[in-house]
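The values are calculated or read from the model by the stated rules, or taken from the named source; none is laboratory data. This structure is a prediction, so every number in the text was calculated from the model and none was measured. When we count neighbours, we look across all protein chains shown, and the Cβ atoms used for this are built from the backbone with ideal geometry, even at glycine.
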Amino acid sequence: PASALRDRDGVLEVGGVSATDLAERFGTPLYVLDESEVRAHARRAREAFTAAAARHGVQARVYYAGKAFLSTEVVRWVTDEGLAVDVCTGGELAVALAAGAEPSRIGFHGNNKSVAELEAAVRAGVGSIIVDSRIEIERLAAIVERLDAHQRVLLRVNSGVHAETHAFLATAHEDQKFGFALEDAADAASRVREHARLELVGLHCHIGSQIFASAGFAESAARLVALYASLRDGGDLAVLNLGGGFGIAYTSADEPIPIEELADGIVDAVARECDLRGLPMPDLAFEPGRVIVGQAGVTLYEVGTTKPVRVDDTITRLYVSIDGGMSDNARTALYGAQYSARVASRSSDVAPALVRVVGKHCESGDIVVDAEYLPGDVSIGDLLAVPATGAYCFSLASNYNYAPRPPVVAVCDGTARVIVRGESVDDLLARDAGIAPGVDQER
Ligand code: LLP
């Protein structure tokens, strides 16, 4: 799946820049993001959904789900490619606004948006706030009243379709925190409509992430259309937002279906359900995150130690320790995610050995790549590349064990530049009131 990686004399290249050059200039661990890949995936997703919608005579707006990877530069790339932006905290909103994203093309999510966050969003003029609870409706109503403002709102609905990675199963009352249950949505809609300054413009649902089949999306969309039918009230519900969640290949074992096929499957399901009910087809919206940035990212590490560990009589596993770990990629530890790895700094003819790529943190679950075959002579000083780390690695990074978070470098047509600077230990110490003056202030 490492479409960003190209071999040149055994040295891997990303976006036309060699991995060894990148490591020398910027150090390791290093997040590398290929700008043309991000742009290409953004364009492809926009085209897939808008084309699918156009076949049924409606429009589709594609939001980039910023939680996957957010920086001002990435916001500029995706908005340049015609995407809107989905944010889910005041912090993400601030990044999108700082990047110059058109406020009317920002959607704001979250199950516990604070008064301050909602106020910032209303003042900025965000295009839609996706409300998640009755308390939030009243909170938002009070804010727009106080600010003498007007706000477009979507209702987040829990369609009851819970998408697992490869299958989906439906439960009447899914036990999770997001959205209004289908049977509570009518009450929520009338509460929004009671407030003249709030405008109910649509319904939203999101069924999960890293999903490979369109069946779960189609089922959820059909349920949302049924709700749309009962809540339309003469047509103020113009938009159905069906969220994100489209899967990518992390290893060669993953075979996601093309986004065009997914888009067609989902949009056709909406059209079919509207037809059955004799309804006009609403405009649609989607929120892909992972599929835009996931494969465009590669993380580079340097090998520090290797250690053969006898697992049993037949298996010896080589533990390869790198200079990062669960602080820059928590996904393996958190979700049992699968990644692949390659030696990036040289080629080797030595027979492959079964390795586990582990980090430098103080726990045995600190695994980046659980099982991989690398040349048996992999050793100290080798650079390792872990592809498909563009989504939910930088954004989930932590300072566990006082690890400074790595920089992000964008590569494009043979050039490389820092788009997020790395942290230093001094950055981390600067927060410690015991040694840094002026830190112990109350807010
Ligand atoms: N829209 C909403 C309302 C969401 O909650 C999410 C993801 C998305 C869109 C984007 O989903 P995507 O297209 O990226 O799958 N940390 C996890 C993924 C969490 C996803 C949370 N919501 C991971 O690393 O796999």
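Picking from G216, G234, which residue would you name as being within 13 Å of the ligand (Cβ to nearest atom) and modelled with pLDDT under 95?
On the way: G234 fails: within 13 Å of the ligand (Cβ to nearest atom).
Within the list G216, G234, the selection yields G216.
If we scan segment 306-318, do we find a residue that is at pLDDT 95 or above and closer than 20 Å to A238 by Cβ?
no
Of the conditions (1) among the small types (G, A, S); (2) within 16 Å of G336 (Cα to Cα); (3) outside any loop (DSSP other than H, G, I, E, B), S364 satisfies every one except a single condition; which number is it?
So S364 meets the others, but not (3).
Among what's in segment 175-199 and is hydrophobic (A, V, I, L, M, F, W, C) and touching a residue at least 60 places away in the same chain (Cβ under 8 Å), pick the residue that is nearest to the ligand (Cβ to nearest atom).
F178
Quick one: which helices (runs of 4 or more DSSP H) sit completely within segment 66-158 and have at least 3 residues that are buried (at least 24 other Cβ atoms within 10 Å of the Cβ) and either outside the structural domain of V418 (by TED's automatic domain parsing) or of a type in the set (V, I, T) (or both)?
Here the list reads 72-80.
Pick from segment 200-213 the residues that are within 14 Å of the ligand (Cβ to nearest atom) and part of a strand (DSSP E or B): which of them is farthest from L276 (Cα to Cα)?
Within segment 200-213, the match that is farthest from L276 (Cα to Cα) is I211.
Within the bounds of segment 302-316, is there any residue that is crowded, with 24+ Cβ neighbours inside 10 Å and in contact with a strand residue (DSSP E or B) (Cβ under 7 Å, 6 or more places away or on another chain)? Before you say what the answer is, go through the steps one by one.
Going residue by residue through segment 302-316, those that are crowded, with 24+ Cβ neighbours inside 10 Å are none.
No, every residue in segment 302-316 fails to be crowded, with 24+ Cβ neighbours inside 10 Å and in contact with a strand residue (DSSP E or B) (Cβ under 7 Å, 6 or more places away or on another chain).
Among the residues of segment 237-250, which ones are within 14 Å of the ligand (Cβ to nearest atom) and closer than 23 Å to V85 by Cβ?
Within segment 237-250, L240, N241, L242, G243, G244, G245, F246, G247, I248 qualify.
List the residue pairs whose Cβ atoms are under 7 Å apart, where the first residue sits in segment 368-391 and is in contact (Cβ under 8 Å) with a residue 60 or more places away in the chain and assigned to a strand (DSSP E or B), the second is of a type in the set (D, E) and surrounded by fewer than 24 Cβ atoms within 10 Å (Cβ to Cβ), and the two are 6 or more positions apart or on different chains.
Listed pairs, sorted by first residue: L383/E302.
Every residue, every condition in (1) in contact (Cβ under 8 Å) with a residue 60 or more places away in the chain; (2) under 23 Å from T79 (Cα atoms), yes or no:
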site	(1), (2)
D236	no, no
G244	yes, yes
A253	yes, no
A271	yes, no
P282	yes, no
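S348 versus (1) polar (S, T, N, Q); (2) exposed (fewer than 15 other Cβ atoms within 10 Å of the Cβ); (3) at pLDDT below 95: which is the lone unmet condition?
Only one criterion is unmet by S348, namely (2).
With A253, A285, A263, A330 as the choices, which residue is away from the ligand (no atom under 12 Å from the Cβ), surrounded by 15 or more Cβ atoms within 10 Å (Cβ to Cβ) and either under 19 Å from the mean Cα position of the chain (by Cα) or more than 22 Å from N399 (Cα to Cα) (or both)?
Details: A253 fails: surrounded by 15 or more Cβ atoms within 10 Å (Cβ to Cβ); A285 fails: away from the ligand (no atom under 12 Å from the Cβ); A330 fails: away from the ligand (no atom under 12 Å from the Cβ).
After applying the criteria, what remains is A263.
Return the only residue of A60, A40, A52 being among the aliphatic types (A, V, I, L, M) and within 18 Å of the chain's Cα centre (by Cα).
Answer to the selection: A40.
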